[in-house]
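The values are calculated or read from the model by the stated rules, or taken from the named source; none is laboratory data. Just so we're clear, the structure is a prediction, and the values are computed from it rather than from any experiment. Here the Cβ positions follow ideal geometry from the backbone for every residue, glycine too, while neighbour counts run over all protein chains shown.
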Amino acid sequence: MAEADRRTIAAGTDGYTLMQRAGRAVADACEVMLPGASRFAAVLCGPGNNGGDGFVAARLLKERGWSVSVHVLEPRDPSTGDAARAKADWPGDIHGPDDFDPSAADLVIDALFGAGLKRGLSGQAERLVQRLKDADTPVVAVDIPSGVDGSSGMVTGVAVDATLTVTFGCAKPGHYLYPGRRHRGRLVVSDIGLGPLEPHPATMLNDTTVWLQAFPWPDQDGHKYKRGHTIVVSGSLAHTGAARLAARGALRIGAGLVTLASPKDALSVNAAHLTAVMLREVNGPDDLAELLSDSRLNCVVMGPGLGVGAVTRSLVAVALAPRSDLRDGQSPRACLLDADALTSFSGDAGRLRDLIRSTSGAVVITPHDGEFARLFSNEPAILAGSKLDRSRKAAQFLGCVVLLKGPDTVVADPKGRATISDGGSPWLATAGSGDVLSGFIGGLLTQGMPAFEAAAAGDHLHTIAAKIFGPGLIAEDIPEQLPAALRMLQAEGGAAERGGTQPLTLA
Ligand SMILES: NC(=O)C1=CN([C@@H]2O[C@H](COP(=O)(O)OP(=O)(O)OC[C@H]3O[C@@H](n4cnc5c(N)ncnc54)[C@H](OP(=O)(O)O)[C@@H]3O)[C@@H](O)[C@H]2O)[C@@H](O)CC1
Ligand SMILES: [K+]
């Protein structure tokens, strides 16, 4: 953000003008939130430019007939630069923190800290924010709720609970990553004339515009072999459901053929539950190697229900083995690793990295937080930082696409590109939903979709399918909602072709 600010200022828009526009956007949002007469706003202004925005909003609201009281932290109120100028332009009294009574106000503007937050709130600032949290007065946060780190969504200690957050230019990762997302309330992004951002590495909201152009719609004159063939590796007799969920997901999302590779003891139970998905007996790594000698089988999904241990490690090694049998025009086999395929490498991520680096095909891993922590337990540097940082570091370390699950799922690739989910569905917190996600992404890889786009698309469609079904969702329901989700996507694809859209970039 600071970079955009510098470039905009260099291009001729001075910082004080930007601050005026920011303060106006906040004042406008307050007026929309509380229309009517006799309104009283209390404005908390911090020592930096966030506080400067607060002083501008305070002045504009006063000019529009609001009663306004301004409170600053003592003795550190704005004393230099644009913020000091905004403070000097404020025509009213300036109060200390002790006079702040949130329950007496109709609305509070939180302009304590924004992009310049450096550490957890303490002392006076912490007490002020705690008093605000104890009242139920609506809060409009300027740029980001104070206490939330805008680049990571992390909160150390206490943070403001905003009803509405007004940010400038573009949304920030902290508006979408938890716990920041929980604090920001509704989000308004105001265009104040900041220059276009070209951040590197790019962080994007997981919107269809990130991947829609790469979506593998079936050809009018295609056939099932052209759409590819997914192998899903099943667990033993008592653990077969997870692989079947993945297999159904892969088929629904468009893999031309899906075969479940099942151990002998589970053949009959799998056979009893499968129709369009095919079945093949595979008892361990040697059998899998033999099956995969057929180079037309172009994606393997493994992990759900597979069991943790040496056998699973060997199965992963077979799926990722280097290939010398590819004929002209054949692409290398892709691989989706989830659940037990990851936990089997707990504390040994280096071994998994070596296997991934030896394969020429695309690899996507889809851990949840627990699996991620186990996999990298011997790599503390990868476990440090925000969800965005951790995902990026893991992708770079392993050399593959990493999808780190949660209500704020992050997809990262080794080059640093990343998406953050625009909010999952709470109904996805149910057994087996991750297995379906594995199948969705595996099915897209099978059809040749590039790994980063396939992971982001799988995540997005998984959420849309869950939202279409809504309350009472169980994992079996998710693939069944996919046709409706795909129809929506198809309609959007047509609109995008006509108009063209750009990915929404976060700072
Ligand atoms: N960029 C843009 O395009 C535009 C940006 N604009 C606005 O500028 C905002 C960024 O302003 P900013 O850089 O001055 O930082 P800001 O958030 O006010 O805080 C810095 C001050 O807080 C202090 N401080 C930090 N943490 C602390 C803590 N835990 N506890 C106590 N103190 C703490 C820190 O002190 P220090 O740690 O340096 O001693 C410093 O004094 C941005 O969010 C947006 O609202 C708009 O005006 C228009 C266009
Ligand atoms: K703020």
- Quick one: which helices (runs of 4 or more DSSP H) lie wholly within the range 327-444 and hold at least 1 residues that are of a type in the set (A, V, I, L, M) and either within 23 Å of Asp207 (Cβ to Cβ) or modelled with pLDDT under 95 (or both)? 387-398
- Message: Looking at the range 66-106 only, could you name the residues that are touching a His at 6+ places or on another chain (Cβ under 8 Å), more than 16 Å from ligand 2 (Cβ to nearest atom) and assigned to a helix (DSSP H, G or I)?
- Response: Asp99
- Query: Of the residues that make up the range 346-362, is at least one in contact (Cβ under 8 Å) with a residue 24 or more places away in the chain, touching an Asp or Glu at 6+ places or on another chain (Cβ under 7 Å), at negative phi and polar (S, T, N, Q)?
  - Reply: no
- Task: Please specify each residue of the range 353-388 satisfying the condition of being more than 21 Å from Leu428 (Cβ to Cβ) and either aromatic (Phe, Trp, Tyr) or buried (at least 19 other Cβ atoms within 10 Å of the Cβ) (or both).
- Result: Leu355, Ile356, Thr359, Gly361, Ala362, Val363, Leu375, Phe376, Ile382
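If I ask for residues that are over 36 Å from the mean Cα position of the chain (by Cα) and under 13 Å from Val233 (Cα atoms), which ones from the range 264-281 would you list?
Going through the range 264-281, the residues over 36 Å from the mean Cα position of the chain (by Cα) turn out to be 264-269, 271-272, 280-281.
Residues satisfying the conditions are Lys264, Ala266, Leu267, Arg280, Glu281.
Within the group Asp161, Asp143, which residue is within 20 Å of the chain's Cα centre (by Cα), within 21 Å of Phe55 (Cα to Cα) and within 14 Å of ligand 2 (Cβ to nearest atom)? Steps first, answer last, please.
Working: Asp161 fails: within 20 Å of the chain's Cα centre (by Cα).
Answer to the selection: Asp143.
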- Qualifying positions in the range 83-133 - within 11 Å of ligand 1 (Cβ to nearest atom), of a type in the set (Asp, Glu) and under 21 Å from Val68 (Cα atoms): Asp110
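So which residues in the range 146-158 are under 22 Å from the mean Cα position of the chain (by Cα) and more than 9 Å from ligand 2 (Cβ to nearest atom), if there are any at all? Steps first, answer last, please.
Of the range 146-158, the ones under 22 Å from the mean Cα position of the chain (by Cα) are 146-156.
The answer is Asp149, Gly150, Ser151, Ser152, Gly153, Met154, Val155, Thr156.
Run down Trp217, Trp211 and say which single residue is loosely packed, with under 15 Cβ neighbours inside 10 Å and away from ligand 2 (no atom under 16 Å from the Cβ).
Values: Trp211 fails: loosely packed, with under 15 Cβ neighbours inside 10 Å.
After ruling out the rest, the residue left standing is Trp217.
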- Note on the structure: Out of (1) within 16 Å of ligand 1 (Cβ to nearest atom); (2) surrounded by 15 or more Cβ atoms within 10 Å (Cβ to Cβ); (3) under 24 Å from Pro145 (Cβ atoms), the one Thr13 does not meet is (3)
- Query: Applying the selection to the range 72-104, what residues are out of contact with any Lys or Arg (no Cβ under 9 Å at 6 or more places or on another chain) and touching a residue at least 60 places away in the same chain (Cβ under 8 Å)?
  - Reply: Gly81, Asp82, Ala83, Arg85, Ala104
- Message: Going residue by residue through the range 107-117, is there one that turns out to be without any contact (Cβ under 8 Å) to a residue 40 or more places away in the chain and assigned by TED's automatic domain parsing to the domain that holds Asn49?
- Response: yes
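Kindly establish whether Asp93 is loosely packed, with under 15 Cβ neighbours inside 10 Å and under 16 Å from Gly46 (Cα atoms).
Working: loosely packed, with under 15 Cβ neighbours inside 10 Å: yes; under 16 Å from Gly46 (Cα atoms): yes.
Taking the combined requirement at face value, the residue satisfies it.
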- If you check Ser391, Ser421, which single one turns out to be among the hydroxyl-bearing types (Ser, Thr, Tyr) and touching an Asp or Glu at 6+ places or on another chain (Cβ under 9 Å)? Ser421
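Residues to consider are Arg313, Arg323, Arg374; find the one that is among the basic types (Lys, Arg) and under 25 Å from the mean Cα position of the chain (by Cα). Reasoning before the result, please.
Values: Arg313 fails: under 25 Å from the mean Cα position of the chain (by Cα); Arg323 fails: under 25 Å from the mean Cα position of the chain (by Cα).
Criteria check complete, one pass: Arg374.
Identify, from the list Ser421, Ser425, the residue that is of a type in the set (Gly, Ala, Ser) and either under 10 Å from the mean Cα position of the chain (by Cα) or crowded, with 22+ Cβ neighbours inside 10 Å (or both).
Numbers: Ser425 fails: either under 10 Å from the mean Cα position of the chain (by Cα) or crowded, with 22+ Cβ neighbours inside 10 Å (or both).
Only one candidate qualifies: Ser421.
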- If you take the residues in the range 259-287 that are over 18 Å from Gly228 (Cα atoms) and of a type in the set (A, V, I, L, M, F, W, C), which one is surrounded by the most Cβ atoms within 10 Å (Cβ to Cβ)? Val282
